[in-house]
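A quick write-up on the structure given underneath.
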């Protein structure tokens, strides 16, 4: 089926100059001097059919560079539209880590057809990379790095770099291996190498320290942390024996950081993170990502109806109390959402660890009381002003109602700050990502308790008068 | 005052071996082989006095590397504790961009005392860097880059790099300048240079394209976008004449991205972003950052009390309606928060631009209706189950109440999705950062309208029965 489509798309590539064909050639001509990242922007605005036609007409080196760009959308649709041999040639030229990212997105039939046509070296590498679970160093790494034995000289190493430069993702870190067992001995920056004496041993050009490294199973966030902490261009990935099996480069980590940021904001907004741009994602996929959490939150929030039902007697006696329910509940949610946002980041940045929870609680308690008092004073002033100016009549006991609102606000903001700050710790303790704690999640958690606090304060203060 | 403190801190540095002194020397010995980023972690756990003592005892090169690390806290307190001449020597050795970051944090007296002692070249650079506004390429850039005239050969350039390598932040991009007017002609990667013929002209080793560049006033987010989009190690900063005045390197951009992510999450949580770690920030500073927005949101949310007051008649006739107020309001807030989180990221990543607002609105409308219908069905089922099983008696008109809740949910989720998605566009249109739209902000916006929708639906459906 896909093959017929390919034929249709590319019979156009022959002599029969249709309008679409001229369009494609015009686009190809215009893209000639553009950078790969800019070509990608143009392709993303085209249909997969058109994008495939453009890719087919670009010089093969340029087409490979374009496929290597992580921002290209729809590669899973574009590549199968190309003649299989051309597609296999393009994929064989790609960087191994990027190929391992897109390959699983193809249909199984397409995967099989392409796999048999891939360059055997690339096929082996691809299989190896695909064997690592997602979100690990193994799944992020590329195998195109430069390594030399420790008994080489600086001059030998530089000659080697000149030869392999074109086929390596980076040559700015050179990995020096023990010639006996292949273990990583040193990581020598190219800048040190070029200022060293060519006759010196390559090991003497590097720093004395053991190089920073990760294993294939190191989590991708930890890889990012190593690279940003030590300002590395790349970090080597070692196997159990200490041999280099790949490297993760800084640009892959940057892309990862951007994806993580999107993920974190989506999840904090109370939904599953979208992994595609807003306008690209299917309607029902969007409903699924948003509807799931929305229903869970709705079901939990139903407890507020039950809480209200249990205070039915009080509600009937003092309807005036209902006027402030939304105001009071939202204050709890807001203070909780602030505290959660603070703790999610503090935990993500490792500024705090699990055992610091009590230090945070000790900090949130006075913070909650001060913030609650601020809101309480405003709330009391609001009621007093409306009453005194005659804007609204809260009844003879209006000062008691104002006191109830003020005291309830202190209790609720205190509770919100505490609950909001402890939730990320609780999630982490239970083995979840602390960033699962979304603003709506905290608000829901705080709402039920907020109602109970409000009515309890009301019963305490208003017993014998309104209640 | 600071000077006396310095004397106290460093008279200990003499022969009188106090306990603290031995502690410091022990720490210094332990840190001897550590990487600067690891030394920083140790210093951050010490008091400024102790950290200054350690810095004083470290070899000067190591101490400079430590000060160059952006993760060092309290450098504004540590540096003034050092003898002025030592401090000036350290600062003169730092990378210019990092010095420009920390220098403004010193007291004015300290700034003056240090400035006169700085190496004249560094003093001039520092003054230049400090003249650019924050959050611009000018404030991020460093002046330590490698440039050569376009009439040099590859061999000449490599010899030059070997000489200056030690004093440059990066040598992996070489900027080739027009020998006449100093304008940037090319950016040649070092990897191309070492594989080129030493007798070739340096310009022939570079790519044909005009190099990517920014100006000193380019916003830091745009700089980050250029670097991540084109996978650059560094981007040159040009003046009005096209001459290179500095470069921004990828590691500075990574640090910026991490700060931005924290900022975005804090702001989405409904507060001003903290610029220091949670446990480092002062109590009243924290109150200020959280209290401001909390008060603004509280004042806006007061409109809910006014809305409730205006439906007082309905409330008295049908108290049963109050039971569902928290449930219904929170659903509007949750769907709004989801939509806002989606649009904040889509706008930040430039997936969408201002003029796409109507495409988003057209997408959010059916999404809101479907999500609202899902919640509406659950809400109706909840009321029916409670009623039929005798858990609660909603009165003879319970099916009309259920219908009211169901219809109100559709209206409110639709409104929440629309308002939440349009808010970031509106903020951007008004010249604010779309990320000012926090989850609590959206919830507040949706709450008042949610109440009005709920009571309007109730009046429509229940008129003649309960109302």
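Annotations
- Scan of the range A:268-280 for residues that are more than 8 Å from chain B (Cβ to nearest Cβ) and either at pLDDT 90 or above or in a helix (DSSP H, G or I) (or both), ordered by number: A:272, A:273
- Only one entry of B:53, B:76, B:88 meets the criterion of being at pLDDT 90 or above and within 13 Å of residue B:110 (Cβ to Cβ), and that entry is B:88.
Residue by residue, here is whether (1) over 37 Å from the mean Cα position of the chain (by Cα); (2) within 13 Å of another protein chain (Cβ to nearest Cβ); (3) part of a helix (DSSP H, G or I) holds:
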{"site": "A:418", "(1), (2), (3)": "no, no, yes"}
{"site": "A:425", "(1), (2), (3)": "no, yes, yes"}
{"site": "A:431", "(1), (2), (3)": "no, no, no"}
{"site": "A:455", "(1), (2), (3)": "yes, yes, yes"}
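- Any hit, the range B:216-228, residues being facing chain A (nearest Cβ under 8 Å) and either modelled with pLDDT of 95 or more or not in a loop (DSSP other than H, G, I, E, B) (or both): yes
- Within the range B:360-399, being surrounded by fewer than 17 Cβ atoms within 10 Å (Cβ to Cβ), assigned to a helix (DSSP H, G or I) and touching a residue at least 24 places away in the same chain (Cβ under 8 Å) holds for B:361, B:365, B:369, B:373, B:377.
Every residue, every condition in (1) facing chain A (nearest Cβ under 8 Å); (2) in a loop (DSSP other than H, G, I, E, B); (3) at pLDDT 95 or above; (4) surrounded by fewer than 20 Cβ atoms within 10 Å (Cβ to Cβ), yes or no:
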| position | (1), (2), (3), (4) |
| --- | --- |
| B:207 | no, yes, no, yes |
| B:236 | no, no, yes, no |
| B:262 | yes, no, no, no |
| B:292 | no, no, no, yes |
| B:296 | no, no, no, yes |
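- Put simply, of A:200, A:178, A:239, A:221 the only residue that is within 27 Å of residue B:193 (Cα to Cα) and in contact (Cβ under 8 Å) with a residue 12 or more places away in the chain is A:200.
Residue by residue, here is whether (1) on the phi > 0 side of the Ramachandran plot; (2) assigned to a helix (DSSP H, G or I); (3) more than 7 Å from every other protein chain (Cβ to nearest Cβ); (4) within 37 Å of the chain's Cα centre (by Cα) holds:
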{"position": "B:289", "(1), (2), (3), (4)": "no, yes, yes, yes"}
{"position": "B:313", "(1), (2), (3), (4)": "no, yes, yes, no"}
{"position": "B:320", "(1), (2), (3), (4)": "no, yes, yes, no"}
{"position": "B:330", "(1), (2), (3), (4)": "no, yes, no, yes"}
{"position": "B:336", "(1), (2), (3), (4)": "no, yes, yes, yes"}
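- Matching entry among A:85, A:101 (being closer than 22 Å to residue A:117 by Cα, under 29 Å from the mean Cα position of the chain (by Cα), away from chain B (no Cβ under 14 Å) and in a helix (DSSP H, G or I)): A:101
- Residue list for the range B:120-134, restricted to those being loosely packed, with under 14 Cβ neighbours inside 10 Å and either at pLDDT below 90 or more than 27 Å from residue B:259 (Cβ to Cβ) (or both): B:120, B:121, B:124, B:134
- Residues that are part of a helix (DSSP H, G or I) and in contact with a helix residue (DSSP H, G or I) (Cβ under 7 Å, 6 or more places away or on another chain) were ranked within the range B:349-359; the one that is farthest from residue A:298 (Cα to Cα) is B:354.
- Scan of the range B:63-79 for residues that are surrounded by 17 or more Cβ atoms within 10 Å (Cβ to Cβ) and either over 25 Å from the mean Cα position of the chain (by Cα) or part of a helix (DSSP H, G or I) (or both), ordered by number: B:63, B:64, B:65, B:66, B:67, B:75, B:77, B:78, B:79
- Number of the condition not met by residue B:184 [criteria: (1) over 33 Å from the mean Cα position of the chain (by Cα); (2) touching a residue at least 12 places away in the same chain (Cβ under 8 Å); (3) farther than 16 Å from residue B:232 by Cα]: (1)
- Considering residues of the range B:149-175 that are outside any strand (DSSP E or B) and over 39 Å from the mean Cα position of the chain (by Cα) only, the residue surrounded by the most Cβ atoms within 10 Å (Cβ to Cβ): B:154
- Counting only residues that are surrounded by fewer than 18 Cβ atoms within 10 Å (Cβ to Cβ) and touching a helix residue (DSSP H, G or I) at 6+ places or on another chain (Cβ under 8 Å), the range B:103-112 holds 5 of them.
- Any chance residue B:346 is at the interface with another protein chain (Cβ under 10 Å from one of its Cβ atoms), in a helix (DSSP H, G or I), buried (at least 19 other Cβ atoms within 10 Å of the Cβ) and in contact with a helix residue (DSSP H, G or I) (Cβ under 7 Å, 6 or more places away or on another chain): no
- For the range B:248-258, the condition of being part of a strand (DSSP E or B) and crowded, with 18+ Cβ neighbours inside 10 Å holds for at least one residue.
The values are calculated or read from the model by the stated rules, or taken from the named source; none is laboratory data. Given the structure is predicted, the values throughout are model-derived calculations rather than measurements. Quick reminder, even Gly has a Cβ in these numbers, built from the backbone with ideal geometry, and neighbours come from all protein chains shown.
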